[in-house]
Amino acid sequence: MNVKITGTGCYIPSGVETNEDFDQHEFLNADGSPIKHNTNIIIKKFQSITGIDERRYAEAHHSSSDLGFFAAQKAIADANIDPEELDYIIFAQNFGDVKKGEIQSDAVPSLASRVKHSLRIKNPKCVAYDVVFGCPGWLEGMIQGYAFIKAGMAKKCLVIGSETLSRVIDKHDRDSMIYSDGAGATVIEVTDTDSGIIAHETATYSYEEAHFLFFGKSYNAELSEDIRYIKMYGRKIYEFALTYVPTAMKACLDKSGVAIQDLKKIFIHQANEKMDEAIVERFYRLYDKEVPEGIMPMTIHNLGNSSVATIPTLFDMVIKGKVKDQEIQKGDIIMFASVGSGMNINAIVYKY
């Protein structure tokens with residue numbers, strides 16, 4: 001018995017926010033002092049490091065659960081299943097539903113329950129719950145769904161990753177340019193083929209690293225202290241990721257028994273182009289190998305960092321021919337890997 005992905009779907013919001021749209025922002029240092037460089041220079045430096053040219057923001061009338069619902073509909077249709085057959089709906093998210101213009105997060109009922117309601121599923125044995133696990137949340141949802149199926153507790157699971165980070169950013173923080181909105185979803189099922197999840201690995205580093213990503217007040221002291229925004233210690237996260245993600249990926253690959261030269265694609269969380277490239281380079285260095293050309297598909301250039309949504313969105317786009325010069329074939333061995341707040345890391349080796 002194996003567990004494979006039988007359906008994928010994603011929802012990419014129509015609102016495009018280009019780097020030039022940040023020209024009029026007043027970026028400040030953490031202490032509230034003005035940044036010495038002008039905004040144009042800040043934006044150019046940001047683009048050269050992250051690779052981000054533009055990002056997507058959700059429509060004003062949509063929340064994260066709406067985006068997740070749209071992606072879920074597509075994944076269910078792609079899998080050609082009856083939603084009533086689902087045993088679990090696992091929704092990876094970090095900030096709940098935040099309506100545009102409001103300051104409160106709403107996660108009651110769970111976003112998974114909202115999707116189940118929108119899908120009009122009557123079956124009470126279809127269990128819906130949320131996973132709050134930072135950017136690796138969708139991957140961890142996949143691992144949990146895999147565990148349910150392997151344990152005989154489920155046959156079909158829907159795993160969603162959705163976020164509207166544009167609703168929780170501080171416009172005075174230059175890191176706000178990283179974040180975006182979007183959703184991706186997958187249906188996983190029991191299968192008697194040799195396709196599916198081969199191995200997985202998860203780790204949490206929280207002794208000293210727990211608060212590398214956190215909720216904090218605006219860099220603009222004139223704004224309300226009662227409102228919190230997503231904040232991060234970028235340099236610490238970068239160093240953490242380069243130290244621990246490659247070794248987690250190696251542990252996962254070694255557990256799978258797959259040789260490094262047989263790995264065809266790496267679908268890594270779209271956090272920062274330079275960081276992702278450095279992670280993959282260090283991963284291959286652990287095997288004394290060079291990084292193969294085209295091993296790492298990227299969508300960060302025009303979609304930004306949508307947290308839990310980046311990997312399932314990227315995967316859906318690649319298998320449906322929507323990423324230039326990227327494709328996977330039946331039988332290919334691929335890897336998913338992510339890092340994010342907590343600090344959490346995970347990886348999956350998968351036979352397509």
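Laboratory data are not the source of any read-out in this text; all were calculated from the coordinates shown. Being a predicted model, the structure only gives us computed values, none of them experimental. Please note: Cβ atoms are built from the backbone with ideal geometry, for glycine as well, and neighbour counts cover all protein chains shown.
Tabulated data for the structure shown
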item: Approximate shape of segment 42-157 as ellipsoid semi-axes (Cα gyration tensor, √5λ), whole Å, largest first; result: 29, 18, 14
item: Residue-span extension gain [LYS125 to PHE214] - 0.36 nm each, minus C-alpha spacing; result: 28.5 nm
item: Sorted by Cβ density within 10 Å, fewest first, the residues ILE76, ILE35, ILE90; result: ILE35, ILE76, ILE90
item: Net charge dipole size for segment 198-351 [Lys, Arg +1 and Asp, Glu -1 on Cβ; Debye, nearest 20]; result: 260 debye
item: At R0 = 41 Å, FRET efficiency that the Cβ-Cβ distance of GLU26 and MET1 yields, to 0.05; result: 0.10
item: Within-14-Å neighbourhood charge of ASN40 [Cβ basis; K, R +1; D, E -1]; result: 0
item: Size of charge dipole - the chain - debye, nearest 20, with Cβ of Lys, Arg +1 and Asp, Glu -1, no other charges; result: 540 debye
item: Beta bridges per DSSP with both ends in the chain, % antiparallel, nearest 5; result: 75 percent
item: Where only alpha carbons of segment 198-351 are counted, the Rg and the Dmax (Å); result: 16.8, 57
item: Local electrostatic count, ILE149, Cβ distance below 14 Å [Lys/Arg +1, Asp/Glu -1]; result: 0
item: Radius, Kirkwood style, for segment 190-274 when every pair of distinct Cα atoms is counted (Å); result: 16.4 Å
item: Antiparallel bridge percentage (DSSP; both residues within segment 62-179; nearest 5); result: 10 percent
item: Antiparallel DSSP beta bridges within segment 198-351, as percent of all bridges there, nearest 5; result: 80 percent
item: Calculated FRET value between HIS301 and GLN104, using beta carbons and R₀ = 35 Å, to 0.05; result: 0.60
item: Net charge of neighbours whose Cβ lies under 15 Å from the Cβ of PHE95, counting Lys and Arg as +1 and Asp and Glu as -1; result: -2
item: Inverse of mean 1/r across different Cα pairs in the chain, Kirkwood, Å; result: 20.4 Å
item: Most fluctuating residue given options GLN144, GLN73, GLN24, as computed from a GNM of the chain linking Cα atoms under 10 Å; result: GLN24
item: Gain on full stretching of the segment that runs from HIS61 to ASN40 - 0.36 nm per residue minus C-alpha separation; result: 4.4 nm
item: Selection from ASN302, GLY137, SER218, by position along the positive dipole direction of the chain (Cβ); result: GLY137
